[in-house]
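Reviewing the structure listed below.
The values are calculated or read from the model by the stated rules, or taken from the named source; none is laboratory data. Treat the numbers as computed from the prediction; the structure is a model and nothing was measured. Neighbour counts run over all protein chains shown; Cβ positions are idealised from the backbone, glycine included. The protein model used for the area step is the full one, side chains on, heavy atoms only, and it has no ligands, DNA or RNA in it. Shrake-Rupley method; radii C 1.70, N 1.55, O 1.52, S 1.80 Å.
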Amino acid sequence: PMIHLVSHLLVAYVVFVEPWLGYRLYNTLKAQVAAGVADAKLQFYGMIVIHQVVVTVLVLAIWRLGSILGTDLGLCLPTSWQILLPFMAGFVPAAGVAMLLLRKRGDRLLKGTIKMVGAMLPVSSAERSWFAGVSVGAGISEELVFRGFLLYYIAVNLSALGSVERIALASIVFGLCHFYQGWQGVVGTAVLGAVLAGLYVTTGSLLLPIILHALIDLRILLIFTPKRLEALQAEGTIQATHEATL
């Protein structure tokens, strides 16, 4: 009974609390960055890491104490690698097209990203190191929560729904948890969530979704290099922050 209660509370949190909390924390960060608070981003990253650890521990506790099979939460190696080749066959060209668009319409795309998450873009070396950790943590914790746990929870408690409906519902929740990015961010992350869920369902494992999710977040460090950030700061596109270390 306790594990059932914890499961329900975790779902209530990600559906009703996390979207509001993320929006509130991000707007606080924007205000702090605009005011020139030197360690605002480091504190923000630290809170994210704590959140990632807590939700990861909760899911693992539900798994172990609830006598749930690891395969039910994707905590296993892929049972099938057949999707990997066609996925990579589609992913590599898509990545190439994305890089081409970034080269031809880079300013517009970069400014769109800045509009959604500009305040949390890492500038200093310390911020970039923490952001890398946050990206890897997001790959692990968010896949555990939104793909492994949430899809299992929906299957158990809303058994009338088919696979497509379960994926759609979990992806909508995932998108809403990125409400701080605006509606474009909500739609974009919901679509990404559906892709990652499809990859999880097809392979039976969270391994590939975790790796892909982390790489997608880490790409920010490749796109917004220190040199490019300096140029964006010089033209006033983003706020400059002071070098900060812990």
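In this simple spin-label model, placing a label point 7 Å from the Cα along the Cα-to-Cβ direction at both residue 71 and residue 57 gives a separation of 3.1 nm.
Potential lengthening of the chain between residue 216 and residue 129 amounts to 29.7 nm, from the contour at 0.36 nm per residue minus the alpha-carbon distance. Largest accessible area first, the residues 212, 75 order themselves as 75, 212 under a 1.4 Å probe with ligands, DNA and RNA left out.
Comparing Cα centroids, segment 195-231 and segment 1-41 end up 21 angstrom apart.
For residue 21 and residue 5, compute 0.36 nm times the residue count separating them, minus their Cα-Cα distance, and round to one decimal in nm.
Working: separation 16, 0.36 × 16 = 5.76 nm, distance 2.16 nm.
Contour length minus Cα-Cα distance gives 3.6 nm.
Here each label is just a point 7 Å from Cα along the line to Cβ, and for residue 234 and residue 13 those points are 4.5 nm apart.
In this structure the amide hydrogen of residue 123, modeled in the peptide plane, comes within under 5 Å of the amide hydrogens of 128, none closer than 5 places in sequence on its chain.
Accessible area of residue 41 (1.4 Å probe, protein heavy atoms only, ligands and nucleic acids ignored): about 10 Å².
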